[in-house]
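Inspection log for the structure reproduced underneath, given as C-alpha cells.
The values are calculated or read from the model by the stated rules, or taken from the named source; none is laboratory data. Because the structure is predicted, anything quoted here is derived from the model rather than measured. Note that we place each Cβ from the backbone using ideal geometry, even for glycine, and neighbour counts take in every protein chain shown.
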Amino acid sequence: MGILVIAEHEDGVLKPSTLNTVTAAGRIGADVTVLVAAAETAAICTTLARVAGVSRVLAAEAPYYARPTAENLAALVLSIARDYTHVLAPATNFGKNFMPRVAALLDVAQLSDISAVVDADTFVRPIYAGNALATVRSADAIKVITVRATAFDAAGEGGAAAIEPLAPVADSGQTAVTGRNLTRSERPELTAARIIVSGGRGMGNGENFRILEALADRLGAAVGASRAAVDAGFVPNDYQVGQTGKVVAPDLYIAVGISGAIQHLAGMKDSKVIVAINKDAEAPIFQVADYGLVADLFQAVPELTGELSA
Amino acid sequence: MKVLVAVKRVVDYNVKVRVKSDGSGVDIANVKMSMNPFDEIGVEEAIRLREAGVASEIVAVSLGSAQCQETLRTALAMGADRAILVETDVELQPLAVAKLLRAVVEREQPGLAILGKQAIDDDANQTGQMLAALLGWPQATFASKLTVSGDRAEVVREVDGGLETLALPLPAVMTTDLRLNEPRYVTLPNIMKAKKKPLDVLRADALGVDIAPRLSTLRVEEPAKRQAGAKVADIKELVARLRTEAKVI
Ligand SMILES: Cc1cc2nc3c(=O)[nH]c(=O)nc-3n(C[C@H](O)[C@H](O)[C@H](O)COP(=O)(O)OP(=O)(O)OC[C@H]3O[C@@H](n4cnc5c(N)ncnc54)[C@H](O)[C@@H]3O)c2cc1C
Ligand SMILES: Nc1ncnc2c1ncn2[C@@H]1O[C@H](COP(=O)(O)O)[C@@H](O)[C@H]1O
C-alpha cells in the first residue's frame, strides 16, 4: 500500500509542480508511484523514472488523455486508487479539476492545498486566504490530497523506477475539449520562476505592461498580475496571483502598482524577498515588502530597468 | 430549463479574520457575513440565462444554519425565483454539502447546477466537482463564459496556461470563475419584493444523507508574520540593496 501521485504535464513535458508533489508524497511514506495519463507517455515516464523517491511509474496511454477531461482522469485514477493509502496531485487548476471527483467517488473527503505533512493522517492547510493555518486530521481510509507546490522543494534526480503500462478507462464521451487558447511566452512559467515582476491596476492599461516586460526580460523574470489588472483586460487570466489565482514563492517578487489586498497577498507573501513600487506611501503592500519605494511607477520602472543594464 | 444555484454564507471578503487565542478556530462572532463572491457570480449568470430565455426558473440553495436565510434573501433580491434552505447545525464539509445538494437536485431536476469555484472561507474548491461526480454528470469548472443551446452547453474555462473550451451535454455542473460576469447590485425595491418570494426549509436529517464530518481540525494558527522592511530613497539604493544585502539579483 503506497502513495499515488498524478503527474501534471503539458505538450509532452513534465510540469515542475509534479516534482514538488513527489516530495510531499515522500514525507508521508516511502513507496511512491506516479501515474502518467497522456496520448504519448514515453518521454514523460523516462523523466519521471529518474526522479529521486519515485519507485514506480504507471503509463496510461489513450488519444483522449491528450487533453484529459476531469471525468476521464477521475475514472482512470479510480480504477487503481483503492490500492493506495494516499492519492496526491498538485493544487493547480489541473489537480483541482479532477481530484474532488476522485474523492467523491471513493466517498472520502479531500484535503485541499496542503502546505505541510504532520503525519500520514494529519496535514496543514491554509484557510481564509492564508490568514489562518489549520492542522487537519482525516479519518478516511484513503486520503485524497492536493499539494501547494511552493510549500515543498522539487524532488531531484537519482531515481531508477520501473515503468509499467496501465490500461486506460474507456472515454466517458460526456465532455469534449473543443479548443485551447494558451498564453504563449518565452518567459519562465509564473509558478516556477525565480523572479516575478507583477503589475496591478496602477499600470493603467495593457500597453503599459511593456515597461514591466522590459524589466522582466532584463531579470529573466516571469510576469504576473493582480486580479484588478486581469479583470480590466490588461493581461490574460493566467497571470493572476492570489487566493483565487496562482500561488507563487519566488526568490524575488516585485509588486508594481499593486495595493496589497489580502487576496493578492495570499498568493505571494511566502516569496523570499518582496519589493513594492507604489505612489501611495500608505498602500498595505508596504507592510509585507522588504524594500518599498514610494514613487510613480512610470518613472521608477524604466529607471530600474536602465540601472540593471548599466 | 430550471437552474439551481448554490449560495454559501461566508465571512465577507473585506474582513481580515483573527485566529482565536486558544487555537480552536477563527473568531467569526460579530463579523460581517455575505454571500460567497463566486456564488454572486453564479446567481448573476443564472439571471442572465433567464433574461436570455434559456432558464425558466432559478432556485437558490443554501446549506447550514438558519442564518443562511439572509443569504438566500440576497439571492432572491438579485432575481432568483425561489429558495431552499437545507438546515443543520452540524459543521458541513464539501463532501456532505455535495451529498445534500445531490438530494436537492434529485427532487428539483434542474438542467444546470451552478456553484462557485471556491468558498473564500475554507478555500476548498471541491463541492461542484464532487456534486458532478455523485450525480454522474459532466462538469465545467472555473467558467469564464457560458453559452447554452438546447440541451448542450459550451463553456470557456480558465486553466493554468490560459483558456480551454468544453462542449458538454446537459444536465451538468458548472463552477464560476471571476471573469464570468459582474454581479448586479440589489436595489431596495427588489429587497422588498424578495421578502414575498417562497423560501422552503428542509431539515438536513430528513434527506437521509450521511453528513458527519470526515476531517477534524486539531488546531488553527496564525501564519508567521512578515515584518515590514525598509523604504528605499531611490532606484539606485534599491538596486544596491538587492545586490549586496538581499543578494537576489
Ligand atoms: C472573491 C475574490 C477573489 C479575489 N482574488 C484575488 C486574487 O486571486 N488576486 C488578486 O490580486 N486579487 C484578488 N481579489 C481582488 C482584491 O480584493 C483586490 O481588489 C485586488 O487585488 C486589487 O488589485 P490592485 O492592487 O491591482 O488594484 P488597486 O487596489 O486599485 O491598487 C492599485 C494601486 O496602484 C497604485 N498606483 C496607481 N497608479 C500608480 C502609479 N502611477 N505609480 C505607482 N503606483 C500607482 C495605487 O496607489 C494603488 O495602491 C479578489 C477579490 C475577491 C472578492
Ligand atoms: N454550505 C453551503 N451552502 C451553499 N453552497 C455551498 C455550501 N458549501 C459550498 N457551497 C458551494 O460550493 C462552492 C465551492 O465551495 P468549496 O468547495 O467549499 O470551496 C461554493 O462557492 C458554493 O457554491
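From the list A:Glu186, A:Glu207, the one residue that fits, being in a loop (DSSP other than H, G, I, E, B) and within 16 Å of ligand 1 (Cβ to nearest atom), is A:Glu207. Residue count for the range A:281-310, restricted to those that are touching a strand residue (DSSP E or B) at 6+ places or on another chain (Cβ under 9 Å), free of Cβ contacts under 8 Å to residues at least 60 places away in the same chain and of a type outside the set (Asp, Glu): 12. In the condition set (1) at pLDDT 95 or above; (2) surrounded by fewer than 20 Cβ atoms within 10 Å (Cβ to Cβ), B:Ala228 is compliant with all but (1).
Would you confirm, using the coordinates I've provided, whether A:Gln263 is within 29 Å of A:Asp153 (Cβ to Cβ) and within 16 Å of ligand 2 (Cβ to nearest atom)? Taking the combined requirement at face value, the residue satisfies it. Evaluate the range B:181-198: report whether one residue or more is surrounded by 20 or more Cβ atoms within 10 Å (Cβ to Cβ), away from ligand 2 (no atom under 15 Å from the Cβ) and among the small types (Gly, Ala, Ser). Yes, because at least one residue in the range B:181-198 is surrounded by 20 or more Cβ atoms within 10 Å (Cβ to Cβ), away from ligand 2 (no atom under 15 Å from the Cβ) and among the small types (Gly, Ala, Ser).
This table checks each residue for (1) touching a residue at least 60 places away in the same chain (Cβ under 8 Å); (2) within 12 Å of chain A (Cβ to nearest Cβ); (3) within 22 Å of the chain's Cα centre (by Cα).
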residue: B:Arg157; (1), (2), (3): no, yes, yes
residue: B:Glu164; (1), (2), (3): no, yes, yes
residue: B:Glu182; (1), (2), (3): yes, yes, yes
residue: B:Val201; (1), (2), (3): yes, no, yes
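Filtering the range A:248-263 to residues that are within 12 Å of another protein chain (Cβ to nearest Cβ), in a loop (DSSP other than H, G, I, E, B) and either surrounded by 24 or more Cβ atoms within 10 Å (Cβ to Cβ) or among the acidic types (Asp, Glu) (or both) leaves A:Pro250, A:Asp251. Among the residues making up the range B:1-14, those that are β-branched (Val, Ile, Thr) and more than 9 Å from chain A (Cβ to nearest Cβ) are B:Val3, B:Val5, B:Val7, B:Val10. Could you say whether any residue in the range B:1-23 is in a loop (DSSP other than H, G, I, E, B), under 14 Å from the mean Cα position of the chain (by Cα), hydrophobic (A, V, I, L, M, F, W, C) and buried (at least 20 other Cβ atoms within 10 Å of the Cβ)? Yes; the residues of the range B:1-23 include at least one that is in a loop (DSSP other than H, G, I, E, B), under 14 Å from the mean Cα position of the chain (by Cα), hydrophobic (A, V, I, L, M, F, W, C) and buried (at least 20 other Cβ atoms within 10 Å of the Cβ). Looking only at the range B:123-169, which residues are buried (at least 17 other Cβ atoms within 10 Å of the Cβ), part of a loop (DSSP other than H, G, I, E, B) and either within 15 Å of ligand 2 (Cβ to nearest atom) or not charged (D, E, K, R) (or both)? Listed by number, the residues that qualify are B:Asp123, B:Ala124, B:Asn125, B:Gln126, B:Trp137, B:Pro138, B:Gly161. In summary, A:Glu282 fulfils each of the numbered conditions (1) surrounded by 22 or more Cβ atoms within 10 Å (Cβ to Cβ); (2) farther than 18 Å from B:Gly162 by Cβ; (3) among the acidic types (Asp, Glu) with the single exception of condition (1).
Residues in the range A:106-127 that are closer than 18 Å to B:Val97 by Cβ and β-branched (Val, Ile, Thr): 2 in all.
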